[in-house]
Structure formats: structure tokens, C-alpha cells
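Working notes, structure below.
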Amino acid sequence: MFSLKIKRQEVLDLINKEKFFVFICEGCNEVNFIRDEILSFVKSLPKENILNFEVVDYLCNPDFVNLYLKTFDKKIKVAGSILVFSCGIGVSTIAKSIDKKVYTGCDTFYIPGYKGVNVPYNGKFDCALCGECYLNYTASICPITSCSKSLLNGPCGGVKNGKCEVDKEKDCGWEKIFERLKQFGKLGEIKEKVFIRNYGK
Amino acid sequence: MKLKDLFYKKFVITSEIGPPKGWQVQHLIEEVKKYLKDKVDAINVTDNQSSVMRFGSLGMCILLKQNGFEPIYQVTCRDRNRIALQSDILTAAAFGIENLLLLTGDHTVLGDHKDAKPVFDLDSVSLIYTVKRLMEGYDLAGNKLEGEPPSFCIGAVVSPEAEPLELHLFKMEKKILAGAEFFQTQLVFNPEKFIKFIDIVRKNFGKIPILAGITILKSVAMAKYMNENVAGVNVPEHLIEELKRDDKKTKSGQTGIEISAKIIKEIKNYCEGIHIMPLGWYHKIGDLLSLAGL
Amino acid sequence: MNFVKFILKENKEIYELLKSKENIGIIFCKKCYEEYTSVISYKCIEIIKDIKKNIKCLYLNFLCNDYYNKEKILSFAKDIETICVASCGIGVQVVSDIIEKDVITLTDSVQPKKSFSTEFILHGISINNDTFCAGCEECYLNLTGGICPITECPKSLLNGPCGGAKNGKCEVDKEKDCAWEKIFDILKQKGYQVDKRINIRSFYTQKFSYLATEIKNNIYHRIETFYGGIHLQEKKDLTENLKIERFDIEPQIVKIFLSQHTGKPAIPIVKIGDKVYVGSKIASSDGFISANIHSSVSGKVLDIKEEIHPIIQKYFPAIVIENDGENKIEPKVSFKPNWQELQKDELLSIILDKGIVGLGGAVFPTHVKLTPPKPVDTLIINGCECEPYINVDNRIMIEYTKELFEGIEILKKILEVKNVIIAVEDNKQETINILNQFKKNNIEIVSLKTKYPQGAEKILIKKTLGRKVPYGGLPFDVGVVVQNVSTVYAIYNAVVLGIPLTERVVTVSGDEEFVKNYGNFLIKIGTPLELIIKQCFNEDIQVLKLSGFMMGVEVKSFNTYTVKAINSILAVKKRLGYEKFNSCIKCGRCVDVCPMELEPLEFVFSYQTNNFSELEKLGIKKCIECGCCEHICSSKIPIVEMIKSLKQRLCLV
């Protein structure tokens, strides 16, 4: 799932030079709730640079992008360049579909989850799509995503009070795995195994 | 000279140095010569300790060797992938470095290059396994090495006072099964806890040499800071009280030395040696060792 | 291109995992991001059946949606010893955590495409795009003309190509273009200024606390307010400060439909040539669920003929009255001066007599609603007005506060309740302040987070009182009656002033390019729509919606006349993309936004395959047709009209 942050300074620096048509994507507004903030930011920009804006959705779908580019063709021609507030996919898709210059107004962040708009299970679990699932060895807690270092063979020495050295609010993934393995009586199964990640998958 | 050849024959004493953030390291060599010559059996060189970029541990180990000391090459998994790790370890062999200390390493966010990419391609267990393979004449991808395989004494680390202890013993066992031959511990401040730890280790893992980590407490602030922020470290209240009692004495380092000497005396019959982390106070090591009767 | 998401582990490995296990059950996730077919795209069963007999299976949509699937998972896992899961890593972990047992995973999760990239690459909400994003938090697209260096370059280089490309192809794969060559081509071609700075990645990415805040924010907005729903652009600022005013053009002719309410149409009691006044009863309620209708003008009955009904959108009989423009009030209108002295039955008969119906949109006859067959303890006044653009209830709450509260007293007497809640969405903060100043004991003003459809009856009751209206039931089943603010105002007018329902406040609004005159107008029932359109809108309107942007109707023919149900007339932009057929890609969003906790994608599939057998089990009758699913659908499928069509079929079958 994607969350967005507006690149305020970069946008302000960039708009002085050209005239823009702005696309604001609200496709994932139910994930990150930033559409209204983007709208008020866009409305605050100088009108001599931001000639028009439209709120659309699913700029990650090339068919819809073509439809939008056709629908707003005249307004885009008048402006000359396009500024897009969406995740990187939306910006790239528009950029490859039109011969005008396309710019992004946002940084894209990742938050756990792939489908829908609700972060699954309170964001407690995530999957790194590693291609070689370790869950059968780690009592169904993913070591790659629950450990800050993505360690595969147990905790590092940085755990204090069950929390990760990277952030005192973050649980140590391996301590959780260990407790679970103990609970299910499976500690012995991985003692002799040495796991090494295959990044080629 | 491999440390494993010294264990059980004598009480082994090692210390460590953290190289500077610069390339002119001669003064550090001079300090080591002045304060550590003939006092320690080997010197560990930390690898970008606390994720702060410093002069490389491999280079420092080579300089130590050239100056007549026995180095322990500390390698972390934070900064290099498996290719570079194996490469550097082979390089160490060429310079006569025989002792390794293999750890996972602190995360980059704790250091001074927060933006750096944390690598962690391998971790301590898989790195120990990798070195074992190199010693058998093969790299991690299964290719045969040219010439004779290198030979090392492999060390690892453990935190005997961390909780829950079982968690850390679990990892310790994996390191032993992967090929660790001795352990250097995190700082010990509670002899009873340490002795209990040793007891469990002996019962479950048999004979494996342990070097207890010792430092000299410099101040109450240092003790409190470590309790708050350093994993695996627990300075008990009564020691903090002792530091508070005489401000001048603590500042001079004498209180710290007395505390550490006492700890050493209480635990020396239970472990195979100590590892002194001076944190800059190389000049006090001599006093500590004499007071501890070593 | 279907995003694989996960594949089965090798047969050998599965065999090893299961060979010593007994009493096995497998939970299959039906997978996301692939074209919807009923066939599970991976065939696990054949392999497993070779190993074991009697394996129980459970197939679920979107296994990681724990809110939705928890009960099903728990009841499946109850008597099974070994639970296996076939899904991506998230689904496996969720199942294991829910059942608090170890599970066996039969699958490996895989990246959407082989990228060689150093980064985690993510796809968007479409299965026909080979562009990805790494969520790197410092977007470089402004330097690279829209081609991402992180996902497209296997080394994720930021400062130009390495020396490994040959003939424009990457050293990693001869089929793959060198991303940086493409970037330089685009920069040159489109005339971008080439940036000469040195770029260094920062991996000091989202601090855990930032991520934790984002997740908390998502959960609050998506689930804690109430499960499902969507945050629309409100567009209420266009009319929220406009005082209620009478629509100042007198219609020459009004045509008042005999169906102004839910239930049986009223029966006309006038004939051609009759003289009528404002408030004269012209049609009588027919049966229990029906309502009276009164004239909104004074003049002469010209005809009773069929016209296109704006809501039903078919021909329906209407009483045609010529307006004499004098607005003379019906002299014989009944009026009892002190309502406090009346019994509840008398109050009810006034409400029946004056033709009051629910003005929130359902136009259910109010006198029926106020005689619930079960005891009620709470009255909820619905001032949420969760549909965008509309400010009818809002303006009434602001301008007729005293009247509203008196209307509430009337209702309290009729229903014999002590507890009254006025529920208002928090986008109307000033209105809430005004209500708080005016309120008396035992009336609670509740401010609710603005989210559509918070004002839907069942959602509102669940949120304010925590009571769930049972399937097939009504609010009185949980001891509640809900009344819309406009209805309460109409009740006040009827009981205190003796005025029957002949006109109502209507918000006229829309998107700026189409609207000349915005307003909250008091419009007489039967007013020609064309009159309002000419006065308020420009020539080139795209879409005209009556009675709500989400749940209202789109009128194609403007040759119609207003009815009691119309609370808004909106000229809005066409929603692009819904005309062409796109198949469902199982993105899971419709399930996440459905406030009634249904699976709209299943209804779409039933419609497309003409399979009606599962509809009841899927709970189609629970659907309130709010339109959240259609609004968020990433394939832009017109889901609501499909559901309406399916419901009709069910009735016929």
C-alpha cells in the first residue's frame, strides 16, 4: 500500500519555470487520506503556473490514464507540462503515455499490505515476497519483515526489554519468534539449520 | 597464535581498541605499546563500532601484527555482503591473522551515517558457517579455494545478563553448532547472574571457552546511560551507589577499578578468561589487572 | 498480466511437510490481483490428495482481511489438528495469529516480476501495467523524466548508467533495456533540464514511529469510525453559508405525482376543473403504508395524466394544476393551537393528515414509522447529511433550531421516549455549537467523524448506540426510531402551525463549471425541473442528479417535476471510466469499503455469469445500495446497477 508525502519545496522550486496542468490521484485516498491536503496545497499555488487541476483516480491503470489524457486534452495543451500528485506508478504511467514533460509532487512511502485499503491485521504482519518462505521454521512469524535487520538465524545482541535497538517502540521480531517456537515445542527443529538468503529469487 | 591454544592452559586476557576516524593511527599503536604490551594475550579491533565509520579493523589488525601483538579481527555483517566478507577474511589470513570475532553488528541508524544502506546479507551464524566452509577449502557458493585453506580460531559474542536468557542461549547454541570455538561476552556486572549463565552453558553445551566482558565504570552517568540504552547491560543499583559515594575517587577511576577487580575475583574460577573493554582508558588496565591479582 | 503473489512449494517439500500429519485442513486464499474467475488459479488439491485422504478445505477471499474472515477461520480450525495455509505471507501469519496455533505454509510468496532490483518492488491497483514503484520515500522521477531508476535499474543507480550496458541492453539480462539510456533519451526528447547534482540514497527511511502513526491513522479512518465507507470530497462549502430562501420563480403549472412516498400511491380526490388552494388535500392515502398529498399552489386542476416520474423514471400519473400565482391558503385547513394538550393519537393523526413522509430520501410515511410494533427507548435525529454537496438539514439546524427542538418534543411525546440523540457529522462544527447552545436536558448532541455513509440508518444506530439491527429487521427491533432533521421540521410545521407538506428545502449545487446560481431553495412540490435548471445551471450540463450524488438518480430527460423525495438537484461532472467493460481484478477494495460487510465482487461475478444461486447466502438483501463499492472500484464496474438488477431477479424468482 502506498502512502504519500507532498514534496513541498521541490514543487515550489519547479513550478516557477513552466505552466502546469495538475493531476491529483485519489485512488488510494482511503489508504492515506492525503487528497484534501494535496488539494489545498495545489489551490495555494500561484494561478499563473497552475492553470488547471483535476482530481482523478487509478493513474496506475494505463487505460484510465489514456482516457483522462484524452478528456483533458485541451487544458493540457494550454498548459504544456503536467504535475502529478500520486505514487510513482501514476507519474510513470502518465509520463510514458504523453509527450509532455511530467513531474511528480509527492514522495511515495510503503505501508504493509497489498490488497484493499485497510491495512491488514493492524499492520502487525507483512510479507517481503522473498520467494523462499521461512514461516514453517519460524512459527509463522516472518523474520525478514519483523526483524529490522532481516536476520534469519536468531536475534542479534541489540534486543533490550523485548524491543529492537532501532526503535524502542518496535518489538524484537526474533524474540517473538522464539517465544512462539517455544510455545509450539519447535525450538529443536532449527537449531542445526543455518539459513542464508537467496536474493536471486 | 590461536587463542584456543591458550584456553585451559592459562587465564586468557584480551582487550580491544577502537580505531579512530582518520588514517593516521600511529599514535594508537604507540598507546597500545605503552599500556598493553605483555599485559594481554590478544587485542580485538572493533569493526566500525556502533555503526560509526572508522579506520578499518583489518588494516588495524595488520598494523598490530607488524608491531608484535596478536590481533583478533572483528567482522560485522552490517557493511559488507558475503562476497566482500569472504574476501576480507582471506586477506586477513595472508597477514598472519588467526583469530576472528564474528558478529551481526549494530544497525546503521545507531551510528553517524544514518542514511547508509544496512547490508546484513549474512548474520553472525551464517558468517561463522561461511568461515568454517572457507577453512574446509570452499567458498559459500561451493567453489574450491585455490591453495591451502585458511585456518582460524572462530570467536562469537553472547550477552549473559540479557533477558530472557533462554533467547540468547538459543542463538549461542546455533553459533556453537555452526562452528564458534570461543565466546566473548557483553559486560558483566552481576557475578551471580554470570555464574548461573556459565552453569547452564556447561550443562547444555559442554566445554566452550568463555571470556567475560569487563569495563571500568567511569561515572554514575555512564552506568545510568548503559542501563537505559545499551542492550544486554545491567549495572545493579548497589554499584551505582558505590560510584556515588566518593565523587573524587570515582572521577579518578579508582572506584571503577575496585568494582571491576572485585567482579573479576568473583568470576575468574568460572570462566576461561576476561576481555577488557577500556573505552579509552588504556592507561588504567595495568592497575585493574594488578588489583584483580592477574 | 496476473500478479502471481504466491506459488505452491515443490511437491517434494509439501510431501515432507505433511507426511506425518493427521486430520489436515487447508485454508486457501483465492488470491488478489488477477482476473476474477471462479477457478482457483493454483491446483493444490490433486497433489495433496495423493498424500492424504479426507482433507478439509476452506476457500476465502482476501485471507488477510482478518476483520472479515476471523469467524470463518476460527470455526473451520476448531476440530482440525493440522491447519495448512496457501496464501501470501501475510495471510499465513494472520491465520496463525488468529487460531493461536502453528500452521504449515504450502506456498512461497513471490515478487510481481523478476526485477533484479535491490529494492522491494510494488505494483499498483491494475494488472495491466508493467510499471512499479519501490516506495523509496525520496522520489527521483523529477530527475529522470518519469522513469524510475530504482525499479528499472537492477543496481538502482541514481547518477547515470554503469559501464555494463551493451547495445542499449542491461548486463543483467539481454532482453532488458538499460534504464539509464531510456532516461537520457526521454530527458533529451522532452526537453527536460538535465540535473547535474550528485544523488545519494538515504536508507534512513520511515522511522518505525512514523509507520506506526500511518497505520493507526488508517485503522482509525477505516475501521474505528465504522467498518467500511469512504471519504468523499464534501463540496459543501459551495452552499453551506447560503440561507434558505424561497425559489423565486413561480411555476405556471405544477404536476404533482400520486407517488410521493414509499408504499401505495395516493388516490386523487379532485377532478378536472376543481379549484384548489395551497394546502388543499388533493389525494388520499391508500391503505396503511401510504400518505396524503396536498396542493402546493392555488389554482385550478387541469388534468390527471401520466408524466415521467423523476425517481421511478417511468410514466406515472400526476395531478396537473394551473397556478394562479396568488398563493391563497386553503381556508378549511384544520389547526389545533396547543399541541401540548393533545394525546399521542391525535398528534399522530395530524401527521398522517398533513402528508408527512421521511424527507431523508426514503420518503417512508412518518405516521407509520412513529407507531412501531415494538417498544422503543431512543429517538435518533439524523442530522448527519453524509451525502456531498447537500446542506438542507444543515441549514434547517442552523436557521430553525427552536422549531427543530419543539419538533423533537412532539416526537418524544408520541414515542414516549426519554433518550434523544441528535447525530451530526463533524464537518458541521458551527452547527454543532448552535445545537449545543440550544439543547435541553436528555438531548445528547453527538458529533460523528465525517465519512460516507455515516447517516445510513443501520450504520448510525450501530455507531451511536452500539446496537446491530438484525438482518431483515428494522430500527424498532433494537428499540430505536430514527427521524431526519427535515422531517422533524415538517412535523413541527404540521403540528404547531397546521401546515401540510407542500414544499421543502432543496440544495441546488454542483461542480463550478455547470452552476450559475447555488442555493438552498424552498421549492414547491410539482415544480417543473426545467424551470430550476434554466435558472440555476449553464447550458452544457454533463450529469444531472436528483436526491443525492451517491444514492440519487441521474435524470436524462429534464421533462419532469419535483417530488417530496428530492432533497438536492446537482449538476456534476461525468465520472470517467464506467462506460467500457473491465473485468474485476480482485483488488479487494470493495470488500474493505462495504459498510454492510458484504463482498460486492461476488455479486459482480454472479451478474456476469448469470448465476443467482448464491445471492441469498452472500447476503444481497443486506445491501443498502450506498455506492461505496462502485465509487472505489479499480476496474470501474457499475456495481450498484448490477446489484439492483440481481435483486429484481431474486424477487421474480
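Each reported figure results from applying straightforward, stated rules to the coordinates on display, with no laboratory input. The model shown is predicted, which means the values in this text are computed figures rather than measured ones. Positions of Cβ are backbone-derived with ideal geometry, glycine not excepted, and every protein chain shown enters the neighbour counts.
The charge dipole of chain C, taken about the Cα centre with unit charges on the Cβ atoms of Lys, Arg (+1) and Asp, Glu (-1), comes to about 800 debye, rounded to the nearest 20. Relative to the Cα centre, the charge distribution of the protein assembly as shown, modelled as +1 at Lys and Arg Cβ and -1 at Asp and Glu Cβ, gives a dipole magnitude of about 980 debye. With distances taken between every two different alpha-carbon atoms, segment C:258-316 has a Kirkwood hydrodynamic radius of 12.1 Å.
Entry note, segment C:6-109: relative contact order of 38 percent, from Cα contacts under 8 Å with a spacing of 6+ residues. Taken residue by residue and averaged, Cβ atoms of other chains lying within 10 Å of the Cβ of A:55-66 number 6. Any idea what angle helix A:173-183 forms with the longest principal axis of chain A, computed on alpha-carbon atoms, 0 to 90 degrees, nearest 10? The two axes meet at around 40 degrees. The alpha carbons of segment C:256-387 stretch over 48, 37, 29 Å along the principal axes, in descending order. Among beta bridges from DSSP that stay inside segment C:6-109, the antiparallel ones total about 20%. In straight-distance terms, cross-link reach from A:Lys5 covers every one of the lysines whose alpha-carbon lies under 18 Å from its own, apart from those fewer than eight places away in the same chain; here that gives A:Lys43, C:Lys207, C:Lys216. Give the shape of segment A:125-190 as rounded, prolate or oblate, defined through the alpha-carbon gyration tensor: a ≥ b ≥ c are the square roots of its eigenvalues, a/c under 1.5 means rounded, and otherwise the shape is prolate if a/b is larger than b/c and oblate if not. Oblate is the answer for segment A:125-190, as a/c is 1.5 or above yet b/c matches or exceeds a/b. Between the C-alpha center of segment C:333-352 and that of segment A:99-173 there is a gap of 66 Å. Note on segment B:17-45 and segment A:17-81: Cα centroid distance 62 Å, given to the nearest whole angstrom. Helix B:124-135 and the longest principal axis of the C-alpha atoms of chain B enclose an angle of approximately 50°. Dipole orientation for segment A:39-91: of the candidates A:Val65, A:Ser40, A:Asn52, A:Asn52 has the Cα lying most toward the positive pole (charges on Cβ; Lys, Arg +1; Asp, Glu -1).
Taken residue by residue and averaged, Cβ atoms of other chains lying within 10 Å of the Cβ of A:174-187 number 3.
Estimated from helical segments only, the mean residue ellipticity of chain C at 222 nm is -8000 deg cm²/dmol, where each DSSP H run of four or more residues counts as -39500 (n - 2.57). Of the trypsin sites (Lys or Arg not before Pro) found in segment C:211-281, the ones in coil according to DSSP and having at most 13 other Cβ atoms within 10 Å of their Cβ are C:Lys243, C:Lys271. Sort all Cα-Cα distances of chain B into consecutive 10 angstrom bins from zero, then give the percent of pairs in each bin up to the one containing the longest distance. Calculated P(r), rounded to whole percents: 6, 28, 37, 24, 5, 1, 0. When segment C:102-188 is described by a simple charge dipole with +1 on each Lys and Arg Cβ and -1 on each Asp and Glu Cβ, the residue from C:Cys136, C:Ser115, C:Gly164 located farthest towards its positive end is C:Gly164. Loop-located trypsin sites (Lys or Arg not before Pro) in segment A:14-89 (DSSP state not H, G, I, E or B) with no more than 13 neighbouring Cβ atoms inside 10 Å: A:Lys17, A:Lys47. Projecting the Cα atoms of B:His27, B:Ile17, B:Met1 onto the dipole axis of segment B:1-48, where Lys and Arg carry +1 and Asp and Glu carry -1 at the beta carbon, places B:Met1 farthest toward the positive end. Taking the Cα centre of segment A:125-190 as origin and assigning +1 to Lys and Arg Cβ atoms and -1 to Asp and Glu Cβ atoms, the resulting dipole is close to 180 debye. Output the antiparallel fraction of DSSP beta bridges having both residues in segment C:339-496, as a percent to the nearest 5. Close to 5 percent. Placing a pseudo-label 7 Å from each Cα along the Cα-to-Cβ vector at C:Leu8 and A:Glu179 gives an inter-label distance of 3.6 nm. To the nearest 10 degrees, how steeply does helix C:89-99 sit against the main Cα axis of chain C, on a 0 to 90 scale? The angle comes out at about 70 degrees. With R₀ fixed at 56 Å, the C-beta to C-beta distance from B:Glu136 to C:Leu157 puts the FRET efficiency at about 0.90.
Summary of the geometry: segment C:191-247 and segment C:136-174, compared by the centres of their Cα atoms, lie 30 Å apart. Counting, for every residue in C:212-219, the Cβ atoms of other protein chains within 10 Å of its Cβ and taking the mean gives 6.
Taking amide H as placed 1.01 Å from N in the peptide plane, the amide H of A:Val22 sits under 5 Å from that of A:Asn52, A:Phe53, A:Glu54, A:Leu83, each at least 5 places away or on another chain. If R0 equals 41 Å, the separation of the Cβ atoms of B:Asn67 and C:Asp195 corresponds to a calculated FRET efficiency of about 0.25. As a length-normalised measure over Cα pairs under 8 Å and 6 or more apart, the relative contact order of chain A settles at 19 percent.
The GluC sites (Glu not before Pro) found in segment C:233-334 that occupy coil by DSSP, while having at most 16 further C-beta atoms within 10 Å, are C:Glu326. With 19 Å as the limit, the listed pairs C:Lys70/C:Lys101; C:Lys332/C:Lys354; B:Lys132/B:Lys268; A:Lys7/C:Lys636; B:Lys114/C:Lys196; C:Lys524/C:Lys564 have B:Lys132/B:Lys268; A:Lys7/C:Lys636; B:Lys114/C:Lys196 beyond it between alpha carbons. Using C-alpha pairs below 8 Å separated by at least 6 residues, the relative contact order for chain B is 18 percent.
Here the calculated FRET efficiency for C:Leu302 and C:Cys57, from their Cβ-Cβ distance with R0 = 51 Å, stands at 0.15, rounded to the nearest 0.05. Ordering of C:376-387, B:279-290 by packing is C:376-387, B:279-290, highest average first (other Cβ atoms within 10 Å, averaged per residue).
The distance between label points at C:Lys207 and B:Glu148 comes to 5.4 nm (points 7 Å beyond Cα on the Cα→Cβ vector).
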